[in-house]
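The values are calculated or read from the model by the stated rules, or taken from the named source; none is laboratory data. Keep in mind the model is a prediction, meaning the values are calculated, not measured. Cβ: placed from backbone, ideal geometry, glycine included. Neighbour counts: every protein chain shown. Accessible surface areas use protein heavy atoms only, side chains included; no ligands, DNA or RNA. Shrake-Rupley method; radii C 1.70, N 1.55, O 1.52, S 1.80 Å.
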Amino acid sequence: MGGRIKVQGGRPLYGRAQVPPAKNSVLPLLAASVLCGSPAALLGPPRLSDVEDCLAILRAAGCQARWQGPNLLAGGPPSRCRLPQAQAGRMRASILFAAPVLARLGRVETWLPGGCRIGSRPVDWHLSALEQMGARVCQVGQRLVLSAPSGLHGACLSLPGPSVGATETALLAGCAARGRTVVENAALEPEILDLAQFLNRCGGCVEGAGTSRIVIEGGRRLHGTAYRPMPDRIFASTLACAVASARGRVTIAGCSPGLYAPVLDVLEQAGCWVLRGAGWASVGRAGPLRGVGLLETGVYPGLATDAAPLVAAALLSARGQTVLVDHVFEARFGCAGGFEAMGAAVSVRGRTLHIHGGRPLHGADVTAGDLRGGAALVVAALGARGSSRIAGREYIARGYGGLEEMLRSLGARIG
Ligand code: EPZ
């Protein structure tokens, strides 16, 4: 799925766009489906390469994994503990399958996960949580073997940091473990709440998700359920930033504006107008934007690290400075070289992107090096004069299903 995305910039966007279900919710839900005695039906998930990789992992584990029209039928008990290196090794979320396969089979053989190159992304907190719950962990090179012949037991876990993935691993392991698991310093991201709601709908008992202390009563028998994953707040953020870059006026439907409030607030501060309703937001831009000074990412409900390059792309030609600091990943702004090629005055120092602003953008040939950085290059290209070609389409395909079609329906020239 390589290739380039071609964008003829400078065309304003108008219309209404429906936000799809969130990749970062669907992937953990697919991992959770391994805990279910019968398959779960996920309603309307996006068709993404990361989703297809999760389906390949499920099949390798002997679970069901197939599309039924727009829905996904996935899960049921696993029968094989060896997960495929190709898919596990290229996707961060593959580590989420370790806990449920381990819990169901007493053993899992997997690989250190891959994923976007946005900084060091160890899995030590996942593994430490599982060790505290009775797993033995053996790592040789990229290969990970976890065993727990007598099953997992509940534990009081205090995560070293509020990691989204490690919290998800703790929830999945906690549901399958004997007794009670308490997760302190849990991540607050809404995808955690979505996972907990799914597990509870399957018969689990998870309380406190969405707060920093989650309590799980384990050992309940889980069954499949039909579930619609929450909307993709980063997709919604991408659309909002695209309008801010290209100008126009778009209603972003199907996603509560509260889920990406910091992005909408920044765009408003920069000179866009924003209307917020129940489950929708309208974003518009007519005139020039202004830089917004210092912006810092943080854990939810702060400005999402995934949204940082997108916001940056929207503000590249704003008058005045913007300084973006990413506190979550140390190499978030790999897209800065592409911004520069389009004529932006930017510089990266460590975790900080400086946007000096004030320069109009022009089309350029650029390369996506990660998912959100790639989407940010598309956002910038929509606001640039002339044509751009963005190589590395496969990175963008990991997280955006139908983005190009959606932008075309809003008036963009993209293909
Ligand atoms: C999730 O990654 C998302 N991925 C990321 O989205 C997102 O950027 C990130 O959360 C932060 O919101 C998925 O949900 C599949 P973390 P995750 O564990 O779970 C450190 C996208 O573009 N850490 O919250 O991997 C880590 O290095 C992707 O959709 C450890 O040190 O993120 C980082 O600095 C990119 N050891 C911090 O915690 C660990 O064992 C937060 O990472 C785990 C994490």
| Subset of segment 151-175 that is more than 26 Å from F329 (Cβ to Cβ) and surrounded by fewer than 24 Cβ atoms within 10 Å (Cβ to Cβ) - its residue that is nearest to the ligand (Cβ to nearest atom) | A155
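Let's see how each residue does on (1) crowded, with 24+ Cβ neighbours inside 10 Å; (2) closer than 28 Å to S245 by Cβ; (3) within 13 Å of the chain's Cα centre (by Cα); (4) within 13 Å of the ligand (Cβ to nearest atom):
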position: R11; (1), (2), (3), (4): no, yes, no, no
position: G15; (1), (2), (3), (4): no, yes, no, no
position: L30; (1), (2), (3), (4): yes, no, no, yes
position: L55; (1), (2), (3), (4): no, no, no, no
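Let's see how each residue does on (1) part of a loop (DSSP other than H, G, I, E, B); (2) aromatic (F, W, Y); (3) open to solvent by 10 Å² or more (accessible area, probe 1.4 Å):
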{"site": "G358", "(1), (2), (3)": "yes, no, yes"}
{"site": "G374", "(1), (2), (3)": "no, no, no"}
{"site": "L377", "(1), (2), (3)": "no, no, no"}
{"site": "A380", "(1), (2), (3)": "no, no, no"}
{"site": "S388", "(1), (2), (3)": "no, no, no"}
{"site": "E394", "(1), (2), (3)": "no, no, yes"}
{"site": "G399", "(1), (2), (3)": "yes, no, no"}
{"site": "E404", "(1), (2), (3)": "no, no, yes"}
{"site": "L407", "(1), (2), (3)": "no, no, no"}
| task | Would you check if G179 is over 21 Å from S94 (Cα atoms) and of a type in the set (G, A, S)? | result | yes
| In segment 104-138, which residue that is away from the ligand (no atom under 13 Å from the Cβ) and either open to solvent by less than 30 Å² (accessible area, probe 1.4 Å) or at pLDDT below 95 (or both) is nearest to the chain's Cα centre (by Cα)? | T110
| message | Need the failing condition index for L144 against (1) more than 8 Å from the ligand (Cβ to nearest atom); (2) within 17 Å of the chain's Cα centre (by Cα), just the number. | response | (2)
| query | Quick check: is even one residue across segment 84-100 under 30 Å from L403 (Cβ atoms), in the same structural domain as T181 (by TED's automatic domain parsing), more than 16 Å from the ligand (Cβ to nearest atom) and open to solvent by less than 50 Å² (accessible area, probe 1.4 Å)? | reply | yes
| Out of (1) within 16 Å of the ligand (Cβ to nearest atom); (2) under 21 Å from A246 (Cβ atoms); (3) modelled with pLDDT of 95 or more, what's the single condition that is false for G399? | (3)
| note | (1) part of a loop (DSSP other than H, G, I, E, B); (2) within 21 Å of G302 (Cα to Cα); (3) in contact (Cβ under 8 Å) with a residue 40 or more places away in the chain all hold for G334 apart from (2)
| Residue identified as crowded, with 24+ Cβ neighbours inside 10 Å and either of a type in the set (S, T, Y) or modelled with pLDDT of 95 or more (or both) among L43, L35 | L35
| message | Suppose we filter G219, G204 for residues that are open to solvent by 40 Å² or more (accessible area, probe 1.4 Å), assigned to a loop (DSSP other than H, G, I, E, B), outside the structural domain of G9 (by TED's automatic domain parsing) and farther than 23 Å from L403 by Cα; which single one remains? | response | G219
| field | segment 117-128 residues that are hydrophobic (A, V, I, L, M, F, W, C), paired with ones that are open to solvent by 80 Å² or more (accessible area, probe 1.4 Å) (beta carbon under 6 Å, 6 or more apart) | value | W125/P160
| field | Members of segment 176-188 that are away from the ligand (no atom under 14 Å from the Cβ), open to solvent by less than 10 Å² (accessible area, probe 1.4 Å) and touching a helix residue (DSSP H, G or I) at 6+ places or on another chain (Cβ under 6 Å) | value | T181
| field | Residues within segment 265-295 that are closer than 16 Å to T251 by Cα, without any contact (Cβ under 8 Å) to a residue 40 or more places away in the chain and in contact with a helix residue (DSSP H, G or I) (Cβ under 6 Å, 6 or more places away or on another chain), tallied | value | 3
| message | Checking V348 against (1) free of Cβ contacts under 8 Å to residues at least 60 places away in the same chain; (2) open to solvent by 20 Å² or more (accessible area, probe 1.4 Å); (3) part of a helix (DSSP H, G or I), only one condition comes out false. Which one? | response | (3)
| Can you name the number of the only condition in (1) without any contact (Cβ under 8 Å) to a residue 12 or more places away in the chain; (2) within 16 Å of the ligand (Cβ to nearest atom) that R59 fails? | (2)
| said: Restricting to segment 5-60, count the residues that are more than 23 Å from D370 (Cα to Cα) and assigned to a loop (DSSP other than H, G, I, E, B). | reply: 7
